[in-house]
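Before anything else, here's the structure in question.
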Amino acid sequence: MKDLLIIGSGPAGISAALYAVRGGARVRIAAKDGGALQKADLIQNYYGFEHGVRAEALLSAGVKQAENLGAEILHTEVFGIEFAANGFRVKTGAGHLDAGAVIIACGTARNVPPIKNIEAFEGAGVSYCAVCDAFFYRGKKVAVIGGGAYARSEYEELKNVVEDVTVLTDGEAAIHGLPCNTKKIGAFEGGETLKEIVFADGSREAYDGAFIARGSAGAFAFAKKTGLETKGGKLITDEKRMTNIPGIFAAGDCIPGLQQIAKAVYDGMIAGTEALKYLKAQK
């Protein structure tokens, strides 16, 4: 049976892992941090804790439970999901991971910067996937907008294809070793396609394309890169928590419904059991 790769180590991701690994799957969980639960304090509305439970303790206990059952936890950032001959190849800070099925359980972060006209140029100069769209900018000048490891990853994808690529950090610190412009960005301008990026200080520079790599790649970024259907910033799934792409499931805050731990655990249970069935059915 092929591997299951879960993106996210919050309640949805861990719940999915518990059910899948007990069913016989080799499960790997890739996550940079504990997501929204890591930022919470005292949880008082989750079943079984008379006086509530500290979010940190609940998160830690879930991770240890998954590890004790045999799941492998990889503390690494995930940059994107690619199609591969035997399923999927997930690009992470620890290298590429192959899997027969993927569960996205990384929350609702929508890493789209508040730049004027950005949505108007999506698909017409603004891209969310370097590996998908670099080909269309051969010999042209493009920008990667963002900072940190995610922006570096997109830069590395582009540098050998396009003629000129610069990282625009939009006010964040420069990335060591990369050509960067740290000015705040005000707007995108052009006609039918992107032509210029206007900075907050009034200066402007011509660019043929802009690749968005803000913060960490979340569910919305994966949707843009992979072709997953979304509505209202959420991934759309069926009752089995499968997305429109067979083999890619989603659970927790990144799909519609209440953003509550109990709901995330339930989603994870369904996604984990259905992903297991999917893997067992593969030849």
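The values are calculated or read from the model by the stated rules, or taken from the named source; none is laboratory data. Quantities reported herein were computed from a predicted structural model and do not represent experimental measurements. Cβ placement follows ideal geometry from the backbone for every residue including glycine, while neighbour counts extend to all protein chains displayed. Please note that ligands, DNA and RNA were not included when accessible areas were found on the heavy atoms of the full protein model with its side chains. Shrake-Rupley method; radii C 1.70, N 1.55, O 1.52, S 1.80 Å.
If you go through region 168-204 one residue at a time, how many are of a type in the set (Asp, Glu), without any contact (Cβ under 8 Å) to a residue 24 or more places away in the chain and within 21 Å of Ala120 (Cβ to Cβ)? Quick ask: steps written out before the conclusion?
Going through region 168-204, the residues of a type in the set (Asp, Glu) turn out to be 170, 172, 189, 192, 196, 201.
Filter once more, keeping what is without any contact (Cβ under 8 Å) to a residue 24 or more places away in the chain: 196, 201.
Then keep just the ones that are within 21 Å of Ala120 (Cβ to Cβ); that gives 196.
The total comes to 1.
What number goes with the only condition from (1) more than 30 Å from Lys280 (Cβ to Cβ); (2) without any contact (Cβ under 8 Å) to a residue 60 or more places away in the chain; (3) out of contact with any strand residue (DSSP E or B) (no Cβ under 7 Å at 6 or more places or on another chain) that Gly52 does not pass?
(3)
If you go through region 134-150, how many residues are buried (at least 22 other Cβ atoms within 10 Å of the Cβ), over 15 Å from Tyr207 (Cβ atoms) and of a type in the set (A, V, I, L, M)?
0
Would you check if there is a residue in region 54-74 being of a type in the set (S, T, N, Q) and more than 24 Å from Met269 (Cβ to Cβ)?
The first filter runs over region 54-74 and keeps only residues of a type in the set (S, T, N, Q), leaving 60, 65, 68.
With the extra rule that they be more than 24 Å from Met269 (Cβ to Cβ), the set shrinks to none.
Checked region 54-74: no residue is of a type in the set (S, T, N, Q) and more than 24 Å from Met269 (Cβ to Cβ).
To keep it simple, each residue is scored yes or no on (1) open to solvent by less than 20 Å² (accessible area, probe 1.4 Å); (2) closer than 22 Å to Lys240 by Cα; (3) outside any helix (DSSP H, G or I).
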residue: Gly13; (1), (2), (3): yes, yes, no
residue: Ala16; (1), (2), (3): yes, yes, no
residue: Tyr19; (1), (2), (3): no, yes, no
residue: Leu58; (1), (2), (3): no, no, no
residue: Gln65; (1), (2), (3): no, no, no
residue: Leu74; (1), (2), (3): no, no, yes
residue: Phe79; (1), (2), (3): yes, no, yes
residue: Phe83; (1), (2), (3): no, yes, yes
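Output the qualifying pairs, or none if there are none: Cβ atoms under 8 angstrom, residues six or more apart or on different chains, first residue in region 241-260 and touching a residue at least 60 places away in the same chain (Cβ under 8 Å) and open to solvent by 10 Å² or more (accessible area, probe 1.4 Å), second residue of a type in the set (Lys, Arg) and in a loop (DSSP other than H, G, I, E, B).
As it stands, the answer is none, since no pair meets every condition given.
Also: Does at least one position in region 189-198 carry a residue that is at pLDDT below 90 and open to solvent by 50 Å² or more (accessible area, probe 1.4 Å)?
Initial filter on region 189-198 (at pLDDT below 90): none.
Scanning region 189-198 turns up no residue that is at pLDDT below 90 and open to solvent by 50 Å² or more (accessible area, probe 1.4 Å).
Hey, another quick one. Quick check on Phe222: is it modelled with pLDDT of 90 or more and either part of a strand (DSSP E or B) or in contact with a strand residue (DSSP E or B) (Cβ under 9 Å, 6 or more places away or on another chain) (or both)? I'd like the intermediate steps shown before the answer.
Details: modelled with pLDDT of 90 or more: no; either part of a strand (DSSP E or B) or in contact with a strand residue (DSSP E or B) (Cβ under 9 Å, 6 or more places away or on another chain) (or both): yes.
Judged against the criteria, Phe222 is not a match.
Any residue in region 1-22 that's without any contact (Cβ under 8 Å) to a residue 60 or more places away in the chain: show its pairings with residues that are surrounded by fewer than 24 Cβ atoms within 10 Å (Cβ to Cβ) at Cβ separation under 6 Å, as long as the two are six or more apart or on different chains.
Taking only residues 6 or more apart or on different chains, the pairs are Val21/Leu69; Val21/Gly70.
Can you pull out every residue in region 248-283 that is assigned to a helix (DSSP H, G or I) and out of contact with any strand residue (DSSP E or B) (no Cβ under 9 Å at 6 or more places or on another chain)? If you could, list the steps in order and put the result at the bottom.
Step one: list which residues in region 248-283 are assigned to a helix (DSSP H, G or I), which gives 252-254, 261-281.
Ala262, Lys263, Ala264, Val265, Tyr266, Met269, Thr273, Lys277, Lys280, Ala281 - these are the residues of region 248-283 that are assigned to a helix (DSSP H, G or I) and out of contact with any strand residue (DSSP E or B) (no Cβ under 9 Å at 6 or more places or on another chain).
Can I ask one more? Quick check on Thr273: is it open to solvent by 50 Å² or more (accessible area, probe 1.4 Å) and touching a helix residue (DSSP H, G or I) at 6+ places or on another chain (Cβ under 7 Å)? Spell out how you get there, then give the answer.
Details: open to solvent by 50 Å² or more (accessible area, probe 1.4 Å): no; touching a helix residue (DSSP H, G or I) at 6+ places or on another chain (Cβ under 7 Å): yes.
When the stated conditions are applied, Thr273 does not pass them.
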